[in-house]
Each structure stands twice: as C-alpha cells, then as structure tokens.
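The values are calculated or read from the model by the stated rules, or taken from the named source; none is laboratory data. Treat the numbers as computed from the prediction; the structure is a model and nothing was measured. When we count neighbours, we look across all protein chains shown, and the Cβ atoms used for this are built from the backbone with ideal geometry, even at glycine. When the accessible area is computed, the model is the full protein with side chains, heavy atoms only, and any ligands, DNA or RNA have been set aside. Shrake-Rupley method; radii C 1.70, N 1.55, O 1.52, S 1.80 Å.
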Amino acid sequence: YYVYYSDEPIRFLPFLNYMTYLPTFTAGPLFRWRDFLRSYEKPLPLDTAVLSAGVRRVILGLFKKVVLAELALTAMTRLTAQAFRLPVCLGITAVSYLILYLDLSGYSDIATGLGRIGGLEVPENFKRPLAAPSFTQFWRSWHATLSDWIRVHIYVVVAKKRLGRGVSALIALGTMVIMSLWHGFNLPYLLAGVYNGALLALENLLGLTTVNKRKTKKPVLLLRALAVNFLFALNTLVFTLPAGQVPEVLRGFIR
C-alpha cells in the first residue's frame, strides 16, 4: 500500500519486526506501518515512569480479561437460562456489550503496556465510546485503530474525493461489512456488518454524522449516546451468543 501510494521504500528488517510484533499480532490494536516505524526508529526511553505505567496497564488489561470478563460471562450464563422477556433481554444485551468491551479493551491494554515497556508507542484502541452521540463518532472511539485502518485503506481509497450523501452512505455500508467480516467470515458476522452499515449509512443520509458537544444540550447528548450504544449493543449479541439464540433474544424484546 505505502509503496504504491507514497512511493515509500520498505526496509526488510523493520518490516519483518513489524509483521511479527507479538503484542499486537493476533487481535490488535492495529499498528499502522508509519506509526510503528516512527517508534521503531526512536523508541521510548525505558525509565521508572515508563516501566511502572506499562506494568500497571498490563495488570489492568489482565484484570479486565481474567476477572471482570469472567464475571460478566457468569452473569450471561444465568441470564440466558431464564425466559427471554424484556427485562432479561435488556440485561443480556448490556452484559453482551460489556463482555465484548472487556475482552477487546483488556487485550488492548496488555498490548499497549507491553509495547511501552518495549519502547514502542502502541496506539490507543478505545476512546470513551460510551460518550459518542453518533455512529460516526462511536466508530472513532470503539476499536479505533481498526476503524481508522478501514477508513484510510478502503474508504478514502474508494472515495478519493468529496462525494454526495448517497454515495457516501453506500461506501459506509460496504466498509462496515468489510470491518465485520474481519472478525470472521460467516453469515452472522455478515448480517452484523449489514446492520452496522445500514445504521451508519442512514446517519450519513440524514446528515447526523457529527454533533457539536458545546452547542448541544447535555440531556440531548445523553439520549443520543444511549441510543447509539444500545443499537450497537444489539449487534454484540452476534459475537457473544450462539447464532440460534440471537433471534430468541431479539424476539424477547416484544414479549
């Protein structure tokens, strides 16, 4: 990509280190080549402050994954054993969101902490998604490195110039499908991508992609953030429940 678009030479040894960098190898955060190279050529000095901050971040990530995520899974097991009625389904959706957040953000904390100990500035992956009042802003905060990678390497390449709302909405739909299939190439993930893409496309068509937090009243911001996170939480059911159980939970909302 960088050779083609920027005529940038790629040196073998840094590239080999980039492709085999263990902390971000399996699940991210996605470490873009230029960001890696910048840290690789000028690593962070390992002093007491950097070491202690890195160790604390690793401990936080392990606590999220090993303790909190396990507690959330236990809660999910108890909830799914009950009859699927509205209160139970709301609880399942909230816990599903929590499980996915703890798993992904916990892994990101570990990768970021290990990176800093090793001298590399691994990018932040979660930037307060609960406060996002639109889907466009949400995807810049949730798994931000994947969203940014998709935007730079696919959306910008396809769009190339300023487009109308209709075309932008279609491109947004396509990029969300690709982002979802990145997690796994199967029908449930495809449907999740179409769902997220349709929400993002609708937001583009209605011109609601950004919200000025200074000019918008706090109750409005809160309601929009709740709506965005709830609609996204419905999508997380695909990632945390057996495929056959997801329709049952959705039907439970209207029982």
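On a per residue basis, the chain carries 57 Å² of accessible surface, using protein heavy atoms and a 1.4 Å probe. 3J(HN,Hα) along segment 28-38, derived from phi through the Karplus expression 6.51 cos²θ - 1.76 cosθ + 1.60 where θ = phi - 60°, amounts to x, x, 6, 9, 5, 4, 5, 5, 4, 4, 4 Hz, with x in place of Gly and Pro. Dividing the convex hull volume of the alpha-carbon atoms in segment 55-168 by its residue count gives 140 Å³ per residue.
In this structure, the amide hydrogen of residue 30, modeled 1.01 Å from its nitrogen in the peptide plane, lies closer than 5 angstrom to those of 145, 146, counting only residues at least 5 positions away or on a different chain. Using the Cβ-Cβ distance between residue 131 and residue 255 with R0 = 45 Å, the FRET efficiency computed as 1/(1 + (r/R0)^6) comes to roughly 0.90.
Put simply, the C-alpha atoms of segment 162-255 give a gyration tensor, and the ellipsoid matching it has half-axes of 26, 20, 10 Å, longest first.
Both radii were evaluated on the Cα set of segment 1-77; the Rg over Rh quotient, with Rh as the Kirkwood radius, amounts to 1.13.
Considering only protein heavy atoms and a 1.4 Å probe, what is the carbon-and-sulfur percentage of the accessible area of the chain? It is 67 percent, rounded to a whole number. Please compute the contact order of the chain in relative form: average sequence separation of alpha-carbon pairs under 8 Å and at least six residues apart, divided by the residue count, as a percent. Answer for the chain is 23 percent. Is the shape of segment 57-99 best called rounded, prolate or oblate, per the rule: a/c under 1.5 gives rounded, else a/b larger than b/c gives prolate, else oblate, with a ≥ b ≥ c the square roots of the Cα gyration tensor eigenvalues? In terms of gyration-tensor shape, prolate.
Calculated on C-alpha atoms, the gyration radius of the chain divided by its Kirkwood radius gives an Rg/Rh of 0.99.
Relative contact order, whole percent, for segment 1-146 stands at 32, derived from Cα pairs under 8 Å and 6 or more residues apart. The phi torsions of segment 143-148, fed into the Karplus equation with coefficients 6.51, -1.76 and 1.60 and a -60° offset, translate into couplings of 6, 4, 5, 5, 4, 5 Hz, rounded to whole numbers, with Gly and Pro shown as x. Annotation for segment 9-25 versus segment 98-124: alpha-carbon center distance of 18 Å. Note on the chain: dipole from Cβ charges, positive end direction compared against 25, 91, 114; the farthest Cα belongs to 91.
Counting only alpha carbon atoms, the long axis of helix 48-62 and the longest principal axis of the chain meet at about 30°.
Each peptide in 2-11, 16-25 was scored by the mean count of other Cβ atoms within 10 Å over its residues; highest first, the order is 16-25, 2-11.
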